[in-house]
Amino acid sequence: MRNKLVVGNWKMHGRLATNPGLLDAIRSGISTQTAKSAGVVVQVALCLPYPYLAQARQSLEGSSMAWGAQDVSEHDQGAWTGEVSGSMLADFCCRYVLVGHSERRSFFAETDAIVAAKFAAAQRAGLIPILCVGETLVEREAGVTHDVITRQLDAVLAVNGSAAFVRAVVAYEPVWAIGTGKTATPAQAQEVHAAIRGRLARESADLGNRLQILYGGSVKPSNVADIFSQPDIDGGLIGGASLVAVDFLAICAAA
Ligand code: 13P
């Protein structure tokens with residue numbers, strides 16, 4: 001049985017003054033849930049904007065929760081104005097970093113090659129990359145969902161090798177379901193999750209079995225139970241609902 005993982009992606013939200021209230025509410029809610037759920041391992045993490053990582057560390061250190069960032073440079077150091085390296089994230093005790101989120105791919109022109117390089121950079125710094133994959137509505141309607149997902153996975157496999165996925169997480173986020181209120185049906189999500197697991201299982205059956213695959217895209221307390229009940233869905237990558245403590249805690253409780 002794979003452990004569950006729920007990751008909040010704050011995106012470009014949060015303020016210095018209000019973050020501690022949200023972080024503390026989530027931390028104390030999670031500690032109550034953890035006390036009640038003996039035996040089931042549910043890791044909960046938050047990916048915050050860079051300037052707030054110190055606050056995340058201050059609020060969450062010593063708890064069962066982890067934290068991380070939403071992007072990382074493909075470079076380790078040097079004259080790369082505006083970039084943030086993996087080792088800088090490690091300085092703030094980040095455990096996870098998102099790589100290849102669809103908002104990075106579409107609004108910041110991140111190619112499969114850049115995403116593969118960022119995945120490598122994250123691992124060089126000891127971070128666990130959460131590799132985001134997903135198709136657009138046009139791609140889904142054209143019937144090429146599986147081709148897109150396979151291409152996105154293969155680009156990372158080609159550069160990093162399958163062994164790199166032993167210390168990585170994959171998140172399936174259909175682009176058309178992000179922030180739109182439209183969720184993939186549990187069956188649609190399960191189908192793609194099974195395909196992702198199948199692709200990795202072709203490299204190694206053990207790897208396929210172990211890989212944690214998260215679903216993301218308009219996950220809310222009202223739809224989470226059906227989504228998390230699918231056999232190949234190991235948790236969620238939560239955007240909007242991670243900014244509301246009661247909603248995020250309800251999602252974590254479902255896991
Ligand atoms: P929403 O949950 O707001 O749809 O965002 C999903 C997402 O992009 C998480 O990375």
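The values are calculated or read from the model by the stated rules, or taken from the named source; none is laboratory data. Predicted model, so just to flag it, every value in this text is computed and none were measured. Counting neighbours? That spans all protein chains shown, and the Cβs are built from the backbone with ideal geometry, glycine included. Just so you know, the surface numbers come from the protein's heavy atoms only, side chains and all, with ligands and any DNA or RNA stripped out. Shrake-Rupley method; radii C 1.70, N 1.55, O 1.52, S 1.80 Å.
Descriptive notes on the structure:
- Pairwise label distance in nanometres, S63 with E203, each label 7 Å out on the Cα-Cβ vector: 3.2
- For V138 and T185, a Förster radius of 22 Å and the Cβ-Cβ distance give a FRET efficiency of 0.70, rounded to the nearest 0.05.
- The accessible surface of the range 155-255, taken with every protein chain in place and a 1.4 Å probe, is 55 percent carbon and sulfur.
- When E191, E141 are compared by accessible area at a 1.4 angstrom probe, the order from most to least is E141, E191.
- Think of a 1.4 Å ball rolled over the protein heavy atoms: the chain then has 44 Å² of accessible area per residue.
- Overall form of the chain: rounded. Here a/c, set by the Cα gyration tensor axes a ≥ b ≥ c, is under 1.5.
- Probe 1.4 Å - accessible area at V148, Å² to nearest ten: 10
- Spatially close lysines, pair count over the chain: Cα under 26 Å, gap of eight or more or interchain: 9
- In the range 80-182, taking the dipole from charged Cβ atoms about the Cα centre, the farthest positive-side position among V148, F108, L127 is held by L127.
- Rounded to the nearest whole angstrom, the semi-axes of the ellipsoid equivalent to the range 53-142, taken from the Cα gyration tensor as √(5λ), stand at 25, 17, 11, largest first.
- Inverse mean reciprocal Cα-Cα distance (Kirkwood Rh) of the range 71-194, Å: 15.1
- Between R167 and D24, residue separation times 0.36 nm minus the direct Cα-Cα distance comes to 48.6 nm.
- Annotation: average projected area of the range 1-112 is 8.5 square nanometres, based on the convex hull of Cα atoms across all directions.
- The accessible-area ordering, largest first, of the residues K182, K118, K11 stands as K182, K11, K118, per a 1.4 angstrom probe.
- Axial C-alpha extent at least 15 Å, average Kyte-Doolittle at least 0.0 - helices from the chain (DSSP): 112-124, 145-160
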